[in-house]
Amino acid sequence: MPKKWELAIYFLAGLVIIVALGLLLNFWHSRNNLPPRRVSNYSLFRKQNPLTFENYYKGDYPPNLYRPVAPWTGRLILPDVSIRNKQINSQSSQQAVFFEVHHADAQHQNLLGKVVNLQWENRAVVNDYRRRTTRDISFTAKTWESIKSGNIHPDRLNNWQAVDPLESLTGARLEDDVIVSIAPVRVREYPQGDITLVIASEPEQVVGSFYGLVQIIAREKSNAGDNSGNNSGSDRFLVRHFNQVSRQFDGSPEVIIIPQVIADREGVLRSTNQDIEKSPFNATGWYVYGAKNSQGSFTVEALEPREILQVIPQITEVTTAKKRNYLEQQLWQNLQKNTASSALLTNPISAPWQEGDRAIVMHIFGGIGGKKAEPKALGIFVPGHFSYGTAQVIREPLTGELRWRLTYHQVYAHNPDGIIAGKVNWAEYMGNLERGWLGDRPVADALIRFPPVTEDYDFGGNKLSVMGEFTTQLQVMMARYRTGNGTGAALVTPATSCVQDSNQALYITIQKITNQVAQSPQIQTWLQANPDHPQTQRFNQLITLGEALEQELVPLGIIRADWQEQVTEGTKTKRDSSVLGDFFSGITTWRTLLPRPAFDRLAQIFLDQGADLWFLRTNQVGGNDPDILPLAPTAPFS
């Protein structure tokens, strides 16, 4: 039996947790009851957008200087409700949105600039995904309150019936300005001239149509009539392109535009071009994403420092003690502005990272301090934000070198910036000049390579993919966030948040893969016949990892009803929940209440299981903004 002093400690610890939960509940409640009638950052930024959609795919883009962002990119366009209702009522057609083609593969260059249909492929796995995520949307009182406070909700979809995940992505903002890449794509051309692109997976949000690699030489001096609003000079910069032969920045010179975006509604610049040419990252160059404007000048919409995503770690640790020390002490130790670092926590027997390697991404960002500091939760917490994603080592065509390709799977509540829950590539989510976090927040990405998770299984023809299942569960969660599960609003509560619901997807993945193996006689027979096979050993490691993760995600051993419902793929629509219900749901999974404790503990679990972790850290990278400082996310309960 526990001793009295042990019981006292347990009691005090429980009391601290309950008090902390109560304080956080109050914070979340106040966060969702913001002062009414505030302008959104999205509306502010839209007024200054330097590009027009008509010019995205036009102009001369020499392939040695610029490459398309993806083989297929374009703009999503929401059909008029009358057209859409005809599609639903027709027996011969499926729901579709419109897609303005900005780039197409070599066989379909004739489609550039055309508006075509975009719809889901009609097959079982896709139909099941649509079934689980299609919702009738009817805004609630909380949704209207959130809109008044300046958050962006799918206004155009209100009172629509059977909104599927492609429509919820297309209609997520107030205008048709969502740019995506799609893959794989099937092109169907009909005799009457109609063209339909058919996809089987969610489009990925991207920025721009083309990208190049440049070094900034100098800013042009401001001249009469310049309307940039930048007192230090023009928004036009002389750059030199990367030379694939010399491997230096002695290629073609060009004058490009790096716009100085306006401040958000809190007075904070998401990015600045001030002294961008003096940045320490200018030496290795910037990937610039955008397109040419009507005057033929390449206009930058997003910046991506080349150095950050190179597959070259600055720090490598192999001992258990040093890896733990890095995670607990060093990861957030250096918060100096305009700095970045990469660290590989690995094992002596691990193979080098090479082209094609995949990883799960665990993402977290911190806060903004300095003269224009954002308010802390309860005056002491920097909550931050948590999400998962995927990464792959690719060979970048402009340099021929290995680099990371990161795609975030953002379970993201409705917000004033117009950031949309869904698949988002690094340049759009981090590097976007208007709504990216590269320039104004400290960020950490943990890229986790663990073969039991990142490599697929083939048990005598019975194939399983943990990463595939995980991304599927995240897609379901992201689609539900876009519609607010029918309410039109995904709002932050102790039971519903980026960290809680991202980890709900992880929990569901563990349970489904385990159940699938346990319930398959063929797989069980294969495992018993091949006890020493590498796949069997990998699967046994997966079981051990699953047990450790479940203990972390469900520390009290009480499975939340909403989590259990998703394991069985229920489709119940969750409307506005009660404050008390949210509170008790939060208690059962309290270790995933805040981003930083969840990030730290999950990273340590993967390390303990033998995974390799590659950390990418940035601190307000870009131009010089003296009014802000990076703040690490707070780590209570860690």
**Report entry** Residues of the range 68-87 satisfying the condition of being open to solvent by 70 Å² or more (accessible area, probe 1.4 Å) and touching a residue at least 24 places away in the same chain (Cβ under 8 Å)
**Finding:** 71
Query raised in the report: Mind checking which residues of the range 590-623 are in a loop (DSSP other than H, G, I, E, B), over 30 Å from residue 354 (Cβ atoms) and either touching a Lys or Arg at 6+ places or on another chain (Cβ under 8 Å) or not small (Gly, Ala, Ser) (or both)?
Result: 593, 594, 620
Query raised in the report: Of all residues in the range 283-298 being buried (at least 20 other Cβ atoms within 10 Å of the Cβ) and out of contact with any Ser or Thr (no Cβ under 6 Å at 6 or more places or on another chain), which is farthest from residue 44 (Cα to Cα)?
Result: 285
Query raised in the report: So, of the residues in the range 109-130 that are charged (D, E, K, R) and farther than 18 Å from residue 176 by Cβ, which turns out to be surrounded by the most Cβ atoms within 10 Å (Cβ to Cβ)?
Result: 130
Report task. Would you be able to tell me the number of residues in the range 293-322 that are assigned to a strand (DSSP E or B) and of a type outside the set (Val, Ile, Thr)? Result -> 8
Query raised in the report: Inside the range 323-359, can you point out the residues that are polar (S, T, N, Q), assigned to a loop (DSSP other than H, G, I, E, B) and touching a strand residue (DSSP E or B) at 6+ places or on another chain (Cβ under 9 Å)?
Result: 334, 336, 338, 346, 347, 350, 354
Query - Selection from the range 250-295 of residues that are of a type in the set (Lys, Arg) and under 18 Å from residue 438 (Cβ atoms) - result: 270, 278
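Out of the range 386-406, which residues are part of a strand (DSSP E or B) and open to solvent by 10 Å² or more (accessible area, probe 1.4 Å)? Spell out how you get there, then give the answer.
Applying the first criterion (part of a strand (DSSP E or B)) to the range 386-406 yields 386-395, 402-406.
390, 392, 394, 395, 402, 403, 405 - these are the residues of the range 386-406 that are part of a strand (DSSP E or B) and open to solvent by 10 Å² or more (accessible area, probe 1.4 Å).
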Report task. Please indicate, with yes or no, whether at least one residue in the range 211-226 is surrounded by 15 or more Cβ atoms within 10 Å (Cβ to Cβ), modelled with pLDDT under 95 and under 31 Å from the mean Cα position of the chain (by Cα). Result -> no
**Report entry** Residue count for the range 274-293, restricted to those that are under 14 Å from residue 69 (Cα atoms) and of a type in the set (Phe, Trp, Tyr)
**Finding:** 2
Report summary line: Only one of (1) more than 22 Å from residue 600 (Cα to Cα); (2) of a type in the set (D, E, K, R); (3) open to solvent by 30 Å² or more (accessible area, probe 1.4 Å) does not apply to residue 322, and that is (1)
Query raised in the report: What residue, among those in the range 184-207 that are closer than 12 Å to residue 74 by Cβ and outside any strand (DSSP E or B), is most open to solvent (accessible area, probe 1.4 Å)?
Result: 185
**Report entry** helices (runs of 4 or more DSSP H) wholly inside the range 86-173 containing at least 1 residues that are closer than 17 Å to residue 476 by Cβ
**Finding:** 124-133, 165-170
Query raised in the report: Of all residues in the range 131-140 being touching a residue at least 40 places away in the same chain (Cβ under 8 Å) and open to solvent by 30 Å² or more (accessible area, probe 1.4 Å), which is nearest to residue 211 (Cα to Cα)?
Result: 131
Report task. Only one of these is acidic (Asp, Glu), surrounded by fewer than 20 Cβ atoms within 10 Å (Cβ to Cβ) and closer than 30 Å to residue 41 by Cβ: 266, 301, 317. Name it. Result -> 266
**Report entry** Selection within the range 629-638 - crowded, with 22+ Cβ neighbours inside 10 Å and not in a strand (DSSP E or B)
**Finding:** 633
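In the range 146-165, is there at least one residue being under 30 Å from residue 251 (Cα atoms) and either among the polar types (S, T, N, Q) or surrounded by fewer than 13 Cβ atoms within 10 Å (Cβ to Cβ) (or both)?
Within the range 146-165 (the criterion being under 30 Å from residue 251 (Cα atoms) and either among the polar types (S, T, N, Q) or surrounded by fewer than 13 Cβ atoms within 10 Å (Cβ to Cβ) (or both)), the answer is no, since none of the residues qualifies.
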Query raised in the report: Residue check: is residue 402 more than 30 Å from residue 607 (Cβ to Cβ) and touching a residue at least 60 places away in the same chain (Cβ under 8 Å)?
Result: no
Query raised in the report: What pairs can you find where one residue is in the range 311-333 and closer than 24 Å to residue 366 by Cα, the other is open to solvent by 50 Å² or more (accessible area, probe 1.4 Å), and their Cβ atoms are less than 6 Å apart, with a gap of 6+ or different chains?
Result: none
Report summary line: Note: among 300, 288, 318, just one is of a type in the set (A, V, I, L, M) and farther than 17 Å from residue 623 by Cβ, namely 318
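Yes/no matrix, rows are residues, columns are (1) free of Cβ contacts under 8 Å to residues at least 12 places away in the same chain; (2) touching a Phe, Trp or Tyr at 6+ places or on another chain (Cβ under 7 Å); (3) over 21 Å from residue 385 (Cβ atoms):
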{"site": "418", "(1), (2), (3)": "no, yes, no"}
{"site": "426", "(1), (2), (3)": "no, no, no"}
{"site": "429", "(1), (2), (3)": "no, yes, no"}
{"site": "473", "(1), (2), (3)": "no, no, no"}
{"site": "481", "(1), (2), (3)": "no, yes, no"}
{"site": "484", "(1), (2), (3)": "no, no, no"}
{"site": "514", "(1), (2), (3)": "no, no, yes"}
Query raised in the report: Which of the residues that make up the range 399-421 are more than 19 Å from residue 492 (Cα to Cα) and hydroxyl-bearing (Ser, Thr, Tyr)?
Result: 399, 407, 408
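The rows are residues; the columns are (1) open to solvent by less than 30 Å² (accessible area, probe 1.4 Å); (2) not β-branched (Val, Ile, Thr).
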residue	(1), (2)
342	yes, yes
359	yes, yes
363	yes, yes
368	yes, no
375	no, yes
Query raised in the report: Which residues, counting only those in the range 443-460, are touching a helix residue (DSSP H, G or I) at 6+ places or on another chain (Cβ under 8 Å), closer than 28 Å to residue 540 by Cβ and not in a helix (DSSP H, G or I)?
Result: 446, 448, 450, 455, 456, 457, 458, 459, 460
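The values are calculated or read from the model by the stated rules, or taken from the named source; none is laboratory data. Here the structure is a predicted model, which is why all the values come from computation and not from measurement. Neighbour counts are summed over all protein chains in view; Cβ atoms, including those assigned to glycine, are modelled from backbone coordinates with ideal geometry. In case anyone asks, the SASA skips ligands and DNA or RNA and just uses the protein heavy atoms, side chains included. Shrake-Rupley method; radii C 1.70, N 1.55, O 1.52, S 1.80 Å.
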